[in-house]
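The next block holds one structure in the form of C-alpha cells; read it before the comments.
Read the figures in this text as sums done on the coordinates, not as results from a lab. This is a predicted model, so every value here is computed, not measured. Note that we place each Cβ from the backbone using ideal geometry, even for glycine, and neighbour counts take in every protein chain shown.
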C-alpha cells in the first residue's frame, strides 16, 4: 500500500520576514499551516546571514512555536546570491556526467564572482531540443541549458542553521522558478508569449523574463530604502512595514522602478533578442506596501497587458490566501526528494 505524502514545510526567508506554509506533496489546495513572522533587523542583510547565532535562536523559537520540529523543509536561495548563466555542453554526455562536466568547467570556461559555488543546471530533454528543426545541426553537437549558482559558504550557513533549528532541508530552489511554477499552475500561459514577472518587495525589486517556459533573464535590485521597524495589525494578522522615508519619498522610489522596468524591457528586446522578440505581458506581485499603486502606474504607462497576481490555491480560484504567500505556494508546488514520502 502507498502511504500518504508527508506534510512538508515551505519556507521563504527574506532579510526582514519569514513566511511558512505546510502542504503534502505538491498539493496546495489544502494548506494546514500559513504563518509569517517579522525577522529582527540585522540578522540577514542582502541575503547573507550576518548574525548566525541570532538567526538560529529566532528560527529555533519559530520551529518550537509552530510545532514543526523534524519536518522536511524546502526553501529558496536568496535572490541576491543567485547567479544565472546560459551554458552549452556536449550532446553526447550522459545525464549522470553533466554535473561533473560543469564542476570541471567552472573556473575555466565558466567564470563566477565567487570561488566555491553550489550549482544546478536546468536543460531541455534531448528529444525536446532536437524537435527544433532550426537547431538540429547544432543540437547534434551541443545541448543548451541554464546554470544557477550561489556561494557555497552562504548556502552551508543556511542549511546548518535549518538543521540546528530542528528541520530537514530537502530542496533549495530559485525563487523566480517557483513564482513561475505558481503562475503556470493557475493560468493558461502561451508558449508563444514573453512574460515579465515583476516582484516588488519591501526592500528589493526582482525581475525575471520567461519565454516558452524557460527563464531567459533575471535581475535583483536593492531598493534605496531603509526599514526602521514594523507593527502587526492583529485584526487581520498582517505585518505593516515602517520606513525611515516618508510615504512621498517611498512613492518616488517605487515610481523609479517603472523606469528600470522599461530599461530592462528594451535591453531584452534590442540587446538580447536583437529586435526579434519583446515582452508581451507583465505579471506583478510582491509584499511592498505600495505594490498596488505600482501596478496601477505600470498599467497606465505601458501599452501591454499587466496583471496583479492573487494568491489562489485552486485552479478554480475559489480559495485564496494573501498574495504575499505566492512565492511559498510556488515552492510547495515543486515537490522534491520524492515528496519526502
Additional length obtainable on full extension of the chain from residue 307 to residue 109, 0.36 nm per residue less Cα span: 67.3 nm
Gaussian network model of the chain, springs between alpha carbon atoms under 10 Å - residue of 203, 50, 159 with greatest fluctuation: 50
Residue of 297, 108, 37 that the Gaussian network model of the chain assigns the largest fluctuation, springs spanning Cα pairs under 10 Å: 108
Hypothetical label at residue 317: residues of region 187-212 whose amide nitrogen lies under 14 Å (7 Å Cα-Cβ projection): 187-189
Equivalent-ellipsoid semi-axes of region 246-290, from the Cα gyration tensor, Å, largest first: 27, 12, 6
Extension reserve of the residue 93-residue 270 stretch, reckoned as 0.36 nm per residue once the Cα distance is removed: 60.3 nm
Residue among 89, 119, 75 with the largest mean-square fluctuation in a Gaussian network model of the chain, springs linking Cα atoms under 10 Å: 89
Extended-chain gain in nm, criterion 0.36 nm per residue less alpha-carbon gap, residue 45 and residue 249: 71.2 nm
Residue-averaged 222 nm ellipticity for the chain, from DSSP H runs of 4+ at -39500 (n - 2.57), nearest 500: -8500 deg cm²/dmol
Shape call, region 15-92: gyration tensor on alpha carbons, a/c limit 1.5: oblate
Cα gyration tensor shape of region 186-309, rounded if a/c is under 1.5, else prolate or oblate by comparing a/b with b/c: prolate
Under 20 Å from the residue 141 label point (7 Å along Cα→beta-carbon), backbone N, region 74-114: 86-94, 102, 105, 109-110
